[in-house]
């Protein structure tokens with residue numbers, strides 16, 4: 001049987017408690033869709049991880065090593081989630097303690113249960129009360145300090161609500177707890193700029209690229225809650241859910257719109273993304 | 001031989017990689033001084049941990065269990081550091097996944113090497129460039145999301161610099177990377193209010209209590225970099241270092257002052273703190 005979890009390339013579920021991933025959240029992660037025996041957008045995920053390592057000063061383990069370890073998990077599987085964590089490694093106590101090699105954790109997870117027909121009928125979402133903090137030094141990174149997202153996701157239990165949108169202290173919408181957000185107004189895409197907080201999702205980049213290829217205007221900008229509520233179309237993205245149209249937010253309702261459907265089709269038709 | 005690390009009460013260094021302490025930094029920690037066979041200020045540490053658990057919605061493991069596990073590490077030791085981590089526990093992938101029991105990690109560490117004579121001669125410190133983010137939902141907590149401190153501590157390698165002070169986005173001084181900060185002006189103590197960021201240290205509370213008992217005015221307030229540089233006396237606190245007078249910051253130099261020495265003596269003379 002194939003291992004479902006690898007720690008530094010070895011079948012194991014055990015992390016050294018001295019690892020700075022536990023001690024400080026000192027690391028990064030990627031969550032990847034394994035579909036039809038292929039990790040979708042693998043190169044984008046690894047490129048983002050490498051950039052994140054550079055920003056945090058963590059040694060990047062290298063594409064070849066990470067690809068070989070992903071292959072150990074068994075990419076013949078259709079419909080699973082691969083989560084890859086890279087931490088700065090284990091060290092003695094204290095922020096300044098010398099660190100050895102970075103730690104790699106690879107996990108194979110079952111495909112999550114999502115709201116039925118989310119992709120075609122759309123999802124209901126909410127605004128969260130928690131405000132994301134501004135931290136330019138970490139903005140855009142998919143790092144392991146995720147307590148804000150944990151607290152935001154604890155704000156609701158209603159399973160009919162698929163996602164919560166987070167605002168920053170200025171009241172600008174940044175992202176969902178696990179997704180990026182796009183609004184469409186007068187045929188143009190707008191998505192929050194992520195210079196102060198939020199994660200630059202791989203599918204966010206993919207959508208922006210497809211929009212560009214389709215000749216659709218797309219900008220990164222400040223977006224208020226009212227901008228979101230007044231959008232002609234609204235959708236969420238992440239690497240696992242793909243693209244979810246939003247059908248309800250507060251008292252506003254939408255049907256999946258024409259540009260949302262064109263982008264969905266473009267993403268589905270580009271398996272090499 | 002006594003174990004040096006316990007995970008859920010069992011001698012082990014292995015954490016389940018599914019633990020949310022690794023996955024999200026979803027937990028809290030305490031760093032305690034073990035001196036003369038006693039954990040100093042144990043009740044304060046446990047009380048803070050319990051309050052932190054309440055704020056994050058993590059089940060508090062209970063004083064009795066934690067004290068019994070600390071005893072397993074061997075409190076006859078003189079001069080060691082006990083680090084206690086409590087996480088929300090292991091769960092399936094995703095912020096909203098159901099969680100089992102909280103995880104307890106207890107580690108016994110050697111007493112750290114500090115600058116010679118730091119307590120009596122004082123230490124040289126610096127200002128860090130990184131600005132702490134404002135997050136009232138997490139302010140004051142000793143939680144596991146410590147990437148800001150990791151990045152700030154990476155700003156300098158000069159071993160003559162014992163600590164770095166962190167400001168928030170408004171330019172107010174909040175704390176050191178591992179310590180709280182107190183300024184003395186005209187015989188009165190002032191320490192940053194920690195409603196937006198920073199950790200409410202146990203020794204910070206102890207110092208405020210001693211100041212009150214000594215009839216010394218003490219306030220929590222906004223403090224600028226200039227307030228710090230113009231202070232008559234300046235000192236740092238944490239549970240391991242105790243109280244460190246500051247002798248140098250930028251072009252300002254101090255000798256340990258009279259109120260700093262009185263507070264040092266009061267803390268030393270109160271072993272039951």
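The values are calculated or read from the model by the stated rules, or taken from the named source; none is laboratory data. This structure is a prediction, so every number in the text was calculated from the model and none was measured. Positions of Cβ are generated from backbone atoms using ideal geometry, with glycine treated the same way; all protein chains shown enter the neighbour counts.
Filtering segment A:64-92 to residues that are free of Cβ contacts under 8 Å to residues at least 40 places away in the same chain and within 9 Å of chain B (Cβ to nearest Cβ) leaves nothing.
Does residue A:35 count as away from chain B (no Cβ under 14 Å), closer than 17 Å to residue A:240 by Cβ and over 18 Å from the mean Cα position of the chain (by Cα)? The answer is no for residue A:35. Within segment A:23-33, can one find any residue that is part of a helix (DSSP H, G or I) and surrounded by 21 or more Cβ atoms within 10 Å (Cβ to Cβ)? Yes. Exactly one residue among A:136, A:115 is assigned to a loop (DSSP other than H, G, I, E, B) and modelled with pLDDT under 90, and that residue is A:115.
Only helices (runs of 4 or more DSSP H) whose full extent lies in segment A:192-273 are considered here, and the ones with at least 3 residues that are modelled with pLDDT of 95 or more and closer than 24 Å to residue A:116 by Cβ are A:258-268. Of everything in segment B:129-139 that's at the interface with chain A (Cβ under 7 Å from one of its Cβ atoms) and in contact with a helix residue (DSSP H, G or I) (Cβ under 9 Å, 6 or more places away or on another chain), which residue is farthest from residue B:236 (Cα to Cα)? Among them, the one singled out is B:137. Inclusion of residue A:94 among residues that are surrounded by fewer than 14 Cβ atoms within 10 Å (Cβ to Cβ) and more than 25 Å from residue B:91 (Cα to Cα) is not warranted. Restricting the first member to segment B:17-28 and to residues that are more than 7 Å from every other protein chain (Cβ to nearest Cβ), and the second to residues that are part of a helix (DSSP H, G or I) and crowded, with 24+ Cβ neighbours inside 10 Å, the beta-carbon pairs closer than 8 Å and six or more apart or on different chains are B:19/A:22; B:27/B:20; B:27/B:21.
Within segment B:88-103, the set of residues being in a strand (DSSP E or B) and either modelled with pLDDT under 95 or under 19 Å from residue A:109 (Cβ atoms) (or both) comprises B:90, B:91, B:99. Restricting segment B:1-16 to residues that are in a loop (DSSP other than H, G, I, E, B) and either in contact (Cβ under 8 Å) with a residue 24 or more places away in the chain or touching a strand residue (DSSP E or B) at 6+ places or on another chain (Cβ under 9 Å) (or both), which is nearest to the other protein chains (Cβ to nearest Cβ)? Per the criteria, the residue is B:13. Restricting segment B:140-184 to residues that are under 13 Å from the mean Cα position of the chain (by Cα) and assigned to a loop (DSSP other than H, G, I, E, B) leaves a set whose member that is nearest to the other protein chains (Cβ to nearest Cβ) is B:146. Looking for something at the interface with another protein chain (Cβ under 8 Å from one of its Cβ atoms) and touching a residue at least 60 places away in the same chain (Cβ under 8 Å) - is there at least one such residue anywhere in segment A:113-128? Scanning segment A:113-128, I find no residue that is at the interface with another protein chain (Cβ under 8 Å from one of its Cβ atoms) and touching a residue at least 60 places away in the same chain (Cβ under 8 Å), so the answer is no.
Pick out the one residue from B:223, B:240 that is free of Cβ contacts under 8 Å to residues at least 60 places away in the same chain and crowded, with 18+ Cβ neighbours inside 10 Å.
None of the others qualify; the one that does is B:223.
Check whether at least one residue in segment B:139-157 is crowded, with 22+ Cβ neighbours inside 10 Å, over 20 Å from residue A:91 (Cα atoms), at pLDDT 95 or above and touching a strand residue (DSSP E or B) at 6+ places or on another chain (Cβ under 8 Å), and report yes or no. There is at least one residue in segment B:139-157 that is crowded, with 22+ Cβ neighbours inside 10 Å, over 20 Å from residue A:91 (Cα atoms), at pLDDT 95 or above and touching a strand residue (DSSP E or B) at 6+ places or on another chain (Cβ under 8 Å).
Within segment A:188-202, not a single residue is touching a helix residue (DSSP H, G or I) at 6+ places or on another chain (Cβ under 7 Å) and at positive phi. Condition check for residue B:71 on (1) more than 30 Å from residue A:81 (Cβ to Cβ); (2) crowded, with 21+ Cβ neighbours inside 10 Å; (3) outside the structural domain of residue B:176 (by TED's automatic domain parsing): one failure, at (2). Residue check: residue A:37 meets all listed conditions (1) surrounded by fewer than 15 Cβ atoms within 10 Å (Cβ to Cβ); (2) closer than 25 Å to residue B:25 by Cα but one, namely (2).
Just give me the residues in segment A:46-63 being in a loop (DSSP other than H, G, I, E, B), within 14 Å of chain B (Cβ to nearest Cβ) and surrounded by 18 or more Cβ atoms within 10 Å (Cβ to Cβ), in sequence order. Result: A:58, single match.
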